1. Look through Arg67, Arg121 and report the one residue that is touching a helix residue (DSSP H, G or I) at 6+ places or on another chain (Cβ under 7 Å), of a type outside the set (Phe, Trp, Tyr), outside any strand (DSSP E or B) and surrounded by fewer than 19 Cβ atoms within 10 Å (Cβ to Cβ).
2. Tell me which residues, restricted to segment 148-179, are among the small types (Gly, Ala, Ser) and either closer than 15 Å to Ala221 by Cβ or modelled with pLDDT of 95 or more (or both).
3. Quick check on segment 187-218: of everything there that is crowded, with 20+ Cβ neighbours inside 10 Å and touching a strand residue (DSSP E or B) at 6+ places or on another chain (Cβ under 6 Å), which residue is nearest to Ala92 (Cα to Cα)?
4. Determine which single condition Ile236 fails, assuming it passes every other condition in (1) under 27 Å from Leu116 (Cβ atoms); (2) touching a strand residue (DSSP E or B) at 6+ places or on another chain (Cβ under 8 Å); (3) open to solvent by less than 60 Å² (accessible area, probe 1.4 Å).
5. Only one of Ser147, Ser75, Ser111 is of a type outside the set (A, V, I, L, M, F, W, C), in contact with a strand residue (DSSP E or B) (Cβ under 6 Å, 6 or more places away or on another chain) and open to solvent by 10 Å² or more (accessible area, probe 1.4 Å); which?
6. Where residues in segment 239-256 are of a type in the set (D, E, K, R) and within 20 Å of Trp112 (Cβ to Cβ), which of them is surrounded by the most Cβ atoms within 10 Å (Cβ to Cβ)?
7. Given the condition near the ligand (Cβ under 8 Å from one of its atoms) and within 21 Å of Glu108 (Cα to Cα), answer yes or no: does some residue in segment 200-207 qualify?
8. Would it be correct to say that Thr105 is under 16 Å from the mean Cα position of the chain (by Cα) and hydroxyl-bearing (Ser, Thr, Tyr)?
Amino acid sequence: MVVGAGVAVSLPTFVTDESFSAPGTVTLGEDAAHHMRVRRLETGVRVGLVDGAGMRGEGVLTQLAKRHAVVSVESAESVEPALPVHLLLPVADKDRMLWLAEKATELELSSWRPVLYRRSRNVNPRGEGTTFQQKVRGRMAAALEQSRGAHLPVLYPEASVEHAVAACPSGARLVLEQGGKRLFEALTPLIADARDRGAGAPAVTLAVGPEGGFEESEFEAFVGAGFVPVSLGRNILRFETAAQSGLAAVRAMLELVGAPDLIQPL
Ligand code: SAM
């Protein structure tokens, strides 16, 4: 919304549990209602809406109750998803997984795929189960509201390495490992090839290991499934740092897809 002097003021924005269209009304759940009260919003104010599946809109708050709120939707637009990037992350420390959930949403992660590695079992308290998954979604929703995104990552239940690999989308597959290839070297030929074939950018799947690292058999399962080992530098990074940095680097490279002259095979 633009006000005096052309200054764009971003509306307080809330993730809806259901999709919406304009003109129409949408009911928001307890989390959003609580969030609105914390922000001392009153009926009549304009708010922003996102459904987490690509719909973004604006409307007027018409009802604010203890467990729900109602918004009269005045405008709605569909937002294209970002180029697909998927993450196989370790089941690990709860707080650090929640931190990563926030950053990954800001970086427009497409799907969140927790993997129960053998070394994940040594971690307590670790983030797993449906209750924890709801916490992940809550953290992602808050990050979506703050980052003005429109797409929430698709959440998968934790899986073994075998099941996680079997469920992986096709496309470019990278496993983060200190001794691997440079990320740029691994991705550039794939992006250039896609460009030369006039095809869109390949979906990219990143796999990150647990604290203590992969077991040899786990690492071999990834390499056997076509994952290319890639390095993010010589230091040992915490899993959440490696995941976030890998995601940011891949996003930056995928931005180049739209700029063909910048991508020259090495
Ligand atoms: N492998 C190490 C060990 O033996 O302690 C550390 C594991 S590290 C804490 C967790 C995961 O982050 C690793 O399995 C890897 O996927 C990723 N990682 C850490 N540092 C990295 C780097 N420099 N380059 C690429 N990936 C890295």
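1. Testing whether each residue is touching a helix residue (DSSP H, G or I) at 6+ places or on another chain (Cβ under 7 Å), of a type outside the set (Phe, Trp, Tyr), outside any strand (DSSP E or B) and surrounded by fewer than 19 Cβ atoms within 10 Å (Cβ to Cβ) leaves just Arg67.
2. Gly149, Ala150, Ala159, Ser160, Ala164, Ala166, Ala167, listed by residue number.
3. Pro210
4. (3)
5. Numbers: Ser147 fails: in contact with a strand residue (DSSP E or B) (Cβ under 6 Å, 6 or more places away or on another chain); Ser111 fails: open to solvent by 10 Å² or more (accessible area, probe 1.4 Å).
Just a single option satisfies the conditions, and that option is Ser75.
6. Glu240
7. First, pick out the residues of segment 200-207 that are near the ligand (Cβ under 8 Å from one of its atoms): 207.
After this cut, where a residue has to be within 21 Å of Glu108 (Cα to Cα) as well, the list is 207.
Checking segment 200-207: at least one residue is near the ligand (Cβ under 8 Å from one of its atoms) and within 21 Å of Glu108 (Cα to Cα).
8. Yes: the conditions hold for Thr105.
The values are calculated or read from the model by the stated rules, or taken from the named source; none is laboratory data. Remember, predicted model here, so these are calculated numbers, not experimental data. Here Cβ is always computed from backbone atoms with ideal geometry, including for glycine, and neighbour counts include all displayed protein chains. Ligands, DNA and RNA are stripped out before the accessible areas are found, and what is left, the full protein with its side chains, is counted by its heavy atoms. Shrake-Rupley method; radii C 1.70, N 1.55, O 1.52, S 1.80 Å.
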